[in-house]
Amino acid sequence: MKNILAVIGGGRPKGNTEQLVDAFAQGAETAGNQVEKILLRKTEVKGCTGCNACHRTGFCVQKDDFNSLIPKIRRANLIVFASPLYYWTISSQLKAFIDRFYSIEEEELPLHSHEKYAQKDSVLLMTAADHSSRTFEQAVSYYQFALVNYIGFRDKGMLLAGGCGSAYGKSQIEGTDHLQKAYEFGKTLYQNKEEQE
């Protein structure tokens, strides 16, 4: 069994992104994993101020909800980063959450080196009204560079759900095959025995 933390940045209640995460979580739970959702629209996580107090004190001095999320982050085997597409990238709420990882690095290394973090798996789930071939290009680039290459998460895959309806109208993801794909993705994520342990 794996502990999965699904962090949803922005989006509407029961909108496209939350439905995509719910389908993924249902699949993952069917396979015997435990999933907890964090809704950043209901959780206050301010952006990093770059004050570096965390490197002196061992914790972020900002008075918001991030410090209460740290035990959940540390327990998680996999973190799902989920967001609607806003201005061709992830939402500001999810970006603020990621920026605050600065306060939980395990070791500060010399300048121009990568910081050291606990090894974890990661997944990117995104939704968008648009469905052109380049819709998610900036978001994927950020995910791969910042989270995989820099922080060192092990990428377990992405589900980029375009064509989910107008930004002005009702959620339309139900009329696509994205929810079924998300369910199968969650269900088959840890298939072999080594990954399940």
Checklist entry - Separation of region 154-176 and region 1-69 by C-alpha centroid, Å? => result 19
Checklist outcome for this item: For A161, the residues 5 or more places away or on another chain with a placed amide H closer than 5 Å to its own amide H are M126, T127, A128
Item to check | Unit charges on C-beta of K, R, D, E only; dipole of the chain, Debye | outcome: 400
Item to check | 32 Å Cα-Cα threshold exceeded, pairs from K42/K181; K2/K170; K72/K187 | outcome: K2/K170
Checklist entry - When DSSP beta bridges are limited to those with both residues in the chain, what percentage is antiparallel, rounded to the nearest 5? => result 10
Checklist entry - Measuring from the lowest to the highest alpha carbon on each principal axis, how far does region 7-85 reach, largest first, in angstroms? => result 43, 27, 17
Checklist outcome for this item: One quarter of the C-alpha convex hull surface, i.e. the mean projected area of region 3-196 in nm², amounts to 11.3
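None of the figures in this text is laboratory data; all of them are computed from the coordinates on show. Every value quoted in this text rests on a predicted model; they were computed, and no experiment measured them. Virtual Cβ from ideal backbone geometry, glycine too; neighbours counted across all protein chains shown.
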